[in-house]
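First comes the structure, then the notes that go with it.
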Amino acid sequence: MTSWQESTSVDLMLDELQTWAVVGLSGNPHRTAYEIAAVLQRRGKRIVPIHPSVPKVLGEQGYATLADVPFPIDVVDVFRRSDSAGRFADEAVAVGAKAVWFQLGVIDVAAFDRTIAAGVPMVMDTCPAIEWRRR
């Protein structure tokens, strides 16, 4: 495992942090974000859909941006292309999220470095479902 998947950060997010804002979560049940959000819910996590055009997904109220969420966010889970993902790590730090997770295939080394430097744990290029299976 690379430092992008440090076990202490993975364990913190999977075991201790409960409220997961899922960036890019739409109402399309055939998309990976939807499937993983459902896995998070089955594991007891509260999901918060972040998508500009989706009011509600999997029974949870959606918000257009992280800044619009009126309660604390523990983890910002990003399902966006690598070239547009970094801004969500920055927004996660700005709103006081406790951690950031970039999904499998989502890689932005500069965003990782900025997030870690800000004191916020980050996991990159893996998926909660994969990490739960490794246990």
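The values are calculated or read from the model by the stated rules, or taken from the named source; none is laboratory data. What you are looking at is a predicted structure, and each value in this text was computed from that prediction instead of being measured. So basically every Cβ, Gly included, is an ideal-geometry build from the backbone, and we count neighbours across all protein chains shown. Just the protein is used for accessible areas: all its heavy atoms, side chains included, with ligands, DNA and RNA removed. Shrake-Rupley method; radii C 1.70, N 1.55, O 1.52, S 1.80 Å.
Just to check I understand the Karplus step: with θ = phi - 60° and J = 6.51 cos²θ - 1.76 cosθ + 1.60, what whole-Hz values come out for region 72-83, glycine and proline as x?
x, 10, 7, 10, 9, 9, 10, 10, 9, 5, 3, 6
So, with +1 on the Cβ of K and R and -1 on the Cβ of D and E, and no other charges, what is the size of the charge dipole of region 1-62 about its Cα centre, to the nearest 20 debye? Could you put the intermediate results ahead of the total?
Working: 6 positive and 6 negative charges, 67 e Å.
Using Cβ point charges on Lys, Arg, Asp and Glu, region 1-62 gives about 320 debye.
For region 18-48 and region 77-135, compute the distance between their C-alpha centroids and round to whole Å.
Region 18-48 and region 77-135 have Cα centres spaced 15 Å from each other.
In percent, what relative contact order does the chain have, based on Cα pairs under 8 Å that are 6 or more apart in sequence? Please list the in-between numbers first.
Details: 249 pairs, mean separation 32.7, N = 135.
In percent, rounded to a whole number, it is 24.
I'd like the projected area of the chain, averaged over all directions, using the convex hull of its alpha carbons. Report it in nm² with one decimal. Present the calculation step by step, with values, prior to reporting the outcome.
Working: hull surface 29.1 nm².
If I average the Cα hull's projected area over directions, I get 7.3 nm².
Skipping prolines and chain starts, which residues have an amide H placed within reach, meaning under 5 Å, of the one on Met122, given they are 5 or more residues away or on another chain?
Hits under the 5 Å cutoff: Val100.
Share of the chain's accessible area from carbon and sulfur, percent, 1.4 Å?
Working: 3300 of 6540 Å².
Of the solvent-accessible surface of the chain, carbon and sulfur hold 51 percent.
What residues qualify as long-range amide H neighbours of Val57, i.e. H under 5 Å apart, gap of 5 or more or another chain, H built at 1.01 Å from N?
The list, which skips near neighbours in sequence, is Gly62.
When the helix-only estimate is applied to the chain (DSSP H runs of n ≥ 4, each -39,500 (n - 2.57), divided by the residue count), what is the mean residue ellipticity at 222 nm, nearest 500 deg cm²/dmol? Don't jump to the answer; show the numbers that get you there.
Values: 5 runs with 45 residues, N = 135.
It lands at -9500 deg cm²/dmol.
Rounded, prolate or oblate: which one fits region 38-100, using the alpha carbon gyration tensor with axes a ≥ b ≥ c (rounded when a/c is under 1.5, else prolate when a/b beats b/c, else oblate)?
rounded
Please give the charge dipole size of the chain, origin at the Cα centre, charges +1 on K and R Cβ atoms and -1 on D and E Cβ atoms. Round to the nearest 20 debye. The partial results should precede the final answer.
Values: 14 positive and 16 negative charges, 88 e Å.
The dipole of the chain has a size of about 420 debye.
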